[in-house]
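Encoded as C-alpha cells, the structure appears first; notes follow it.
The values are calculated or read from the model by the stated rules, or taken from the named source; none is laboratory data. Just so it is clear, the model here is predicted, and its values are computed rather than measured. We place every Cβ from the backbone using ideal geometry, glycine too, and count neighbours over all the protein chains shown. Accessible surface areas use protein heavy atoms only, side chains included; no ligands, DNA or RNA. Shrake-Rupley method; radii C 1.70, N 1.55, O 1.52, S 1.80 Å.
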Amino acid sequence: PEATAVIYGGQQLNYCELNQRANQLAHYLRKQGVREESRVGICLERSPEMVIAMLATLKAGGAYVPLDPHYPPERLQFMLQDSAPLALITQHSLLNQLPVCAVNPVCVDLQAKAIAAESTHNLGGTTSPGNIAYVIYTSGSTGRPKGVCITHHGSGNLANAQRRIFQLQPGAKVLQFSSLSFDAATWEWIMALTAGGQLVLASREDILPGKPLAQLLQNQRIEIATLPPSVLRMVRHGDFPALKTLVVAGEACTPDLAKWSSGRRMFNAYGPTETTVCATISRPLQLSSTAPIGRPLPNTQVYVLGEKMEPVPVGVIGELYVGGEGLARGYWNRPELTAEKFIPDPFSQNCGARLYRTGDRVRWLTQGELEFIGRSDHQVKIRGHRIELGEVETALRAHAEVREAIALVREDVPGDKRMVAYITAQTNHNEALPSQLRSYLRDKLPDYMVPSALVLLDKLPLTSNGKLDRRALPLDQMCQIQTNFVAPRNNLEETISEIWQEVLGLQQAGVEDNFFDLGGHSFAVTRVHEKIQEKIAREFPLVTLFEHPTISSLAKYLSGHSIENHNSDQLNHRVSKQLERKKQRREKYRNEASLTAV
C-alpha cells in the first residue's frame, strides 16, 4: 500500500492514497447516478487527477470517455452528444474551453471538499467482464469520429498478457506518454498499476519528442516506455541505462530502429483500438533483424485471408483478421458499421465468435511471425495517430468555397510522413483559400489531422477512365499560407527561415509566416529548436517557439534576450499565441452554440 503508484513532477501518490482517492470520487459519482455502463466523460490535463478519475469511473461501474481538452470544441461537442455521458469530470480552468452540453460537470478542484467527504472504502457492485470499460473515439472514414466500446474482459486479458510478456517487477517505472484519448494510454496505465509499478506522468512540454523526452527518460530513470517509431527517431540514440524494455507501436517500425535493442529488450507491438490496444507482439528484436509485428497475444486468434476469406500460404499477402477475448463490443450507436467490421468467425466452433476486419495487409514469415505490409484503404498512421483520410476530405468539402478535395500522405524523407491536401475552388482561383481552410480545419479537427500542406489546383488530374489519378498529383507544389511574402531582412532571420524550410519541406518561409500555419507540429518544434540552438550556439527555452511563432518575432526575441534574462516562471507556463487563438475559437464556438440553443 505504501509503494509509489503515480509520479508527476514533485507529486507522488502511493497505492493506498490512489485507491482511497479513487474510491471517494467513485462514491461521489455513484451519488450522481453512475452505474454499470454509464458513460463518464473525462476532460483533464495530464495529472494524477486524470488517473484518479479513470479508476473512479471504473470502480463506480461506469465507462470512461476520454476528451482531450486541446481538441477543437466542435469535435468535443460531437463526442459529448454522441456518447451522452451521465457525468463529466473536469477542472475549473477548462470550463470555458468546453462546449455547451447538457451534463453538469464534476470539477475535481471546485468540488474537492465534497469529494473528500466521501468514504475511502472500496465499492460493491455488479460490474461484469462483459460491461464496457471505456469508449475511445477514433477517426471515421464517413466524416465523423466513431466510438470504440472496450469491455472489462478485453482489458483484463491485456493485463494478463502484459504480465506474461514483460514480467514487470514491482516498483518499475513505466512512462505514461500517450494522451488519454488514445488507447496506448490504456496500455501504459494497465501495465504499471496492475503489476505494482510506478506510472510516471509529465506535462505535454516535457514529453515533446527530442531533447525534452530524452531528459525525462534519463532524469526519471524510466525502465519501460512505449513509443511510436516517429517519436523514437526524434530521440538521439544515447545512454539510457535505466531503460530496460522498449516497445514500439502505433505505426510501422523499420529495421533501422533495431539499434535501440542494444542493451535492452525491444518489442514491436501491433493492434487496432478495436482489439483492446494490442493484438500481436514480436519477440525481442535484434540489431540485424527485420521488424515483424510478431505473434498473437494469449487468447487472441489471427488469420491472414484472401478475397474469398480463404487462408493464404506463408509469404502470400492477405488481409489480417483478429478474433479472441480482446475484441471490442463494437462501435457506439453504429450497428451497421459494427456489423460490417465485426463479422462471424467461420473458423470457430464457439457460438457468437467474431473476427475484426483490420484492413491491414500482412503476410506470414517462415519463422511464424507476421510482417506488416500496408493498408487496403485510405486509413493512415502519422506520428502514431490513426487518421481516416476520408474524414479530412469530408471536412474540407464542407467548406463553401471548396469544390473538390483529396488528402494523401507523402514521405519525402524516410520516416517523416506528412499529410497533403489537394483542393479545387468553387469559383475563380482564390490564393487566400488555403489560409482560410487551415483556420477552418483547426476549428473542426485535432491538430494532428490538419494537413501539413494545402495545395490549390485548377483541377484534379484524372485518368482516361475519368477517375482520380493520384500518381499525377504534383509532388513539388507546397502552398504558401501567407500570400504577402516578406523575405528575411538579416542573417538571423535568414538562418531561421532556412531551418523552417528544411524541417517543414518548404520552398520559402517569410518572416511574417506562422510556423503552425505552415504545417508545424510538436515534433517539428523540437527539431527546429535543436537546429536553431546549434546554429546560434546558445540555448533558449523550447516554449519560446510557441510564444513567438513567426520568424520576425522569434528573431527579435533572440536578438534582445539571453537565457539568463528569461523569467524562469515562463518556462513551465504555456502562454503561446497558438493556444490563445484556440481559446478564442472555443469561446466563439460556445457563444454560437448558446445562441443556437436559444
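The heavy atoms of Glu37 offer some 40 square angstrom of accessible surface to a 1.4 angstrom probe. Oblate is the label for region 1-92, because a/c, from the alpha-carbon gyration tensor with a ≥ b ≥ c as root eigenvalues, is 1.5 or above and a/b does not exceed b/c. Residues whose amide H lies under 5 Å from that of Val402, counting only those 5 or more places away or on a different chain, are Gln426; hydrogens are built 1.01 Å from N in the peptide plane. Accessible area ranking (1.4 Å probe, heavy atoms, ligands and nucleic acids excluded), largest first, for Arg410, Arg363: Arg363, Arg410. Counting 0.36 nm for each residue step from Leu94 to Glu340 and taking away their Cα separation leaves a gain of 84.8 nm. Placing a label point 7 Å from the Cα of Glu36 along the Cα-to-Cβ line, the residues of region 130-164 whose backbone N sits under 14 Å from it are 130-133, 152-153. When only alpha carbons of region 140-197 are considered, Rg and Dmax amount to 13.6, 44 Å. Along region 119-128 the Karplus relation, 6.51 cos²θ - 1.76 cosθ + 1.60 evaluated at θ = phi - 60°, assigns HN-Hα couplings of 5, 9, 7, 4, 8, x, x, 10, 4, 10 Hz to successive residues, with x for each Gly and Pro. Rounded to whole numbers, the Karplus 3J(HN,Hα) couplings from phi for region 455-465 are 10, 8, 10, 5, 7, 7, x, 10, 7, 5, 8 Hz, using 6.51 cos²θ - 1.76 cosθ + 1.60 with θ = phi - 60°, and x at Gly and Pro. Secondary-structure-derived ellipticity at 222 nm for the chain, considering helices only, amounts to -8500 deg cm²/dmol, per-run term -39500 (n - 2.57) for DSSP H runs with n ≥ 4.
Just reorder Thr394, Thr226, Thr142 by solvent-accessible area, largest first, 1.4 Å probe, all chains present. Walk me through the numbers before you get to the answer.
Working: Thr394 55, Thr226 15, Thr142 90 Å².
These residues rank, largest area first, as Thr142, Thr394, Thr226.
Whenever you get a sec, line up Tyr422, Tyr448 from highest to lowest accessible area (probe 1.4 Å, protein heavy atoms).
Working: Tyr422 0, Tyr448 35 Å².
Result, largest first: Tyr448, Tyr422.
Couplings 3J(HN,Hα) of region 198-203, computed from phi: 10, 8, 9, 9, 8, 5 Hz, in residue order, whole Hz [Karplus 6.51 cos²θ - 1.76 cosθ + 1.60, θ = phi - 60°; x for Gly and Pro].
Among the listed pairs Lys308/Lys467; Lys381/Lys531; Lys173/Lys417; Lys308/Lys341; Lys113/Lys173, a Cα-Cα separation exceeding 20 Å is found for Lys308/Lys467; Lys381/Lys531; Lys173/Lys417; Lys113/Lys173. Label separation (Lys259 vs Lys467): 4.1 nm, computed from points 7 Å beyond Cα along the C-beta direction. Relative contact order of region 88-217: 14 percent, from C-alpha pairs under 8 Å at least 6 residues apart in sequence.
Is there a quick way to get the dipole size of region 60-181? I mean about its Cα centre, with the Cβ of Lys and Arg at +1 and of Asp and Glu at -1; what is the value in debye to the nearest 20?
Working: 7 positive and 5 negative charges, 79 e Å.
Computed about the Cα centre, the dipole is about 380 debye.
Model label points for Ala159 and Asn430, set 7 angstrom from Cα along the Cα-to-Cβ axis, are 5.4 nm apart.
Measuring only protein heavy atoms, the 1.4 Å probe finds Glu530 accessible over about 40 Å². Here the simple spin-label model places points 7 Å from the Cα toward Cβ, and for Ala537 and Glu404 these points are separated by 5.4 nm. Database remark: amide H of Val235 closer than 5 angstrom to the amide H of Gly210 (H placed geometrically; neighbours at sequence offset of 5 or more, or on other chains; Pro and chain starts carry no H).
For Ala353, the residues whose modelled amide H falls within less than 5 Å of its own, excluding neighbours fewer than 5 places apart on the same chain, are Asp345. Which one of Leu337, Thr126, Val277 is farthest out on the positive end of the charge dipole of the chain, using unit charges on Cβ (Lys, Arg +1; Asp, Glu -1) and the Cα centre as origin? Toward the positive end, the furthest listed residue is Thr126.
Residue-normalised convex hull volume from the C-alpha trace of the chain: 172 Å³ per residue. In a fully extended conformation the segment linking Glu45 and Arg236 would gain 66.0 nm over its present Cα-Cα distance, using 0.36 nm per residue. Using a probe of 1.4 Å on the protein chains alone, the accessible area found for Cys101 is around 50 Å².
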